[in-house]
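Student: Before we start, here is the structure in question, set down as structure tokens.
Every read-out reported here was derived from the displayed coordinates using simple, explicitly stated rules and does not represent laboratory data. Predicted model only: the values in this text are computed from it and were never measured. Glycine gets a Cβ as well: all are built from the backbone with ideal geometry, and neighbour counts include every protein chain shown.
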Ligand SMILES: [Zn+2]
């Protein structure tokens, strides 16, 4: 028996057959699931029945994966407008409430929080996918894992069950205050932790201030991050890795679907998306026109298996692209690259600017702390941006020199210069938070038409 267990632990994949399915077979599987979910949605969700009848489409129209393009889009607004209509779960839901065992809600950071329901089977599939990602980053049953994500309503909370199911020793850290969390890291010597990128950075800094060297006194080998883009920004990733002496992995979930949508593998070249659960399309941000794989646009997802509330052609608001070329790790599921949120993007002199581009620059410059604040404003009817940063106490350069350096680097990376760069001393910016950090202030006049 011991030998069998040993072999199991040495496996490279959590579910080898599924993860390495040849593209053609993967798409055959997707088509089968797509037909099922479209029929399920049509027969059980009042919203889909009504809107598809109006659009003149029906489940019989699905003969190939491309036929999904005949169906109308939905978005966050659809979720809000249908929430609570007709029943507690609303018109998008496709199962009765008694079949639902769990709901998570979105953060509500861009409007009314939306509810995402799960049946027992949906929830189990969510956790099995999460186990796949934990296994993918090399986590094994002999790892000690700290889940330092919020448990309240947040879809990332239950991900810890995926770690337990694959056999790791799990510590439900939640949102413990930093000093308590550092006590856990020091005393129990866990090997893997999941948190947000900004908090991973701050926690490491706090450890150092408390006389703990994350590299020597702690045993963290892998850090999982999600919820912000930092994990896929090379300079941010490197800064956190250097601070902890650990390898960083970016994960991606959506409360609208589940907390286990995509994750990096050891090659860190995009995030493998669970194509057995999610059919990905990319569309033009403005026109909704379908773009070929590999082109940057808004990512549109169709959930292939989630029964409680199927999302058919959900415009996520995430801007990025999918790479379906084979990955060196042997997995065949495509890799998504996310540039930012549509809501966060702003246009300066006809250039699309994402806060993540600015972060990439700021985190790459020596002699500044890496903290930043972006202000977007209008001057003479033109959109402009300003950046505030912090200079390290031991940086010999003048504030003017630092500002010029940052400005030049931003121009080189983004194509448009900031209107100004303001330099603060270390700790001068109030951007350090324990959860998602708010780093963008939009000061554009909203009602200039009046
Ligand atoms: Zn890979």
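Student: Using 0.36 nm per residue, how much length does the chain from residue 176 to residue 64 gain when fully extended, once their Cα-Cα distance is taken away?
Tutor: Here the answer is 35.5 nm.
Student: Also: Where the centroid of each part is defined by its Cα atoms, how far is region 43-90 from region 197-235 in Å?
Tutor: So the two Cα centres are separated by 42 Å.
Student: By how many nm would the segment from residue 444 to residue 296 lengthen if fully extended, with 0.36 nm per residue of separation less the alpha-carbon distance? Don't skip to the end; give the middle numbers.
Tutor: Values: separation 148, 0.36 × 148 = 53.28 nm, distance 2.62 nm.
The residue 444-residue 296 span can extend by a further 50.7 nm.
Student: In addition: How many percent of all Cα-Cα pairs in region 1-342 sit more than 29 Å apart?
Tutor: Every Cα pair in region 1-342 considered, those over 29 Å come to 39 percent.
Student: Take the chain, connect every pair of alpha-carbon atoms lying under 10 Å apart with a spring to form a Gaussian network, then pick out the residue of 251, 88, 151 with the largest mean-square fluctuation.
Tutor: 88
Student: With the crude spin-label approximation of a point 7 Å out along Cα→Cβ, what separation in nm comes out for residue 97 versus residue 266?
Tutor: Computed distance between label sites residue 97 and residue 266 equals 4.9 nm.
Student: What is the projected area of the convex hull of the Cα atoms of region 346-442, averaged over all directions, in nm²? It would help to have the intermediate numbers written out before the result.
Tutor: Working: hull surface 24.5 nm².
Mean orientational projected area (region 346-442, Cα hull): 6.1 nm².
Student: Along Cα→Cβ, 7 Å out, is where each label goes; now give me the distance between the ones at residue 366 and residue 351 in nm to one decimal.
Tutor: Modelled inter-label distance: 2.5 nm.
Student: Among 235, 386, 41, which one moves the most in a GNM of the chain with springs linking Cα atoms closer than 10 Å?
Tutor: 386
Student: In whole angstrom, and with the biggest value first, how far do the Cα coordinates of region 82-188 range along each principal axis?
Tutor: Its Cα atoms span 51, 28, 21 Å along the three principal axes.
Student: Shifting gears a bit: Stretched out fully, how many nm does the piece from residue 105 to residue 205 gain, at 0.36 nm a residue minus the Cα gap?
Tutor: Difference between extended and current length: 32.9 nm.
Student: Using label points projected 7 Å from each Cα along Cα→Cβ, tell me how many nm separate residue 213 and residue 120, to one decimal.
Tutor: 5.2 nm
Student: Now for a different question. In µm²/s, what is D for region 229-386 at 10 °C and 1.306 mPa s, where D = kT/(6 pi eta Rh) by Stokes-Einstein and Rh is the Kirkwood radius from Cα pairs? Before the final figure, lay out each step's value.
Tutor: On the way: Rh = 17.2 Å.
Result for D is 93 µm²/s.
Student: Still on this structure, please answer the following. At 0.692 mPa s and 37 °C, plugging the Kirkwood radius over alpha-carbon pairs of region 1-134 into Stokes-Einstein gives what diffusion coefficient in µm²/s?
Tutor: Once the numbers are plugged in, D ends up at 186 µm²/s.
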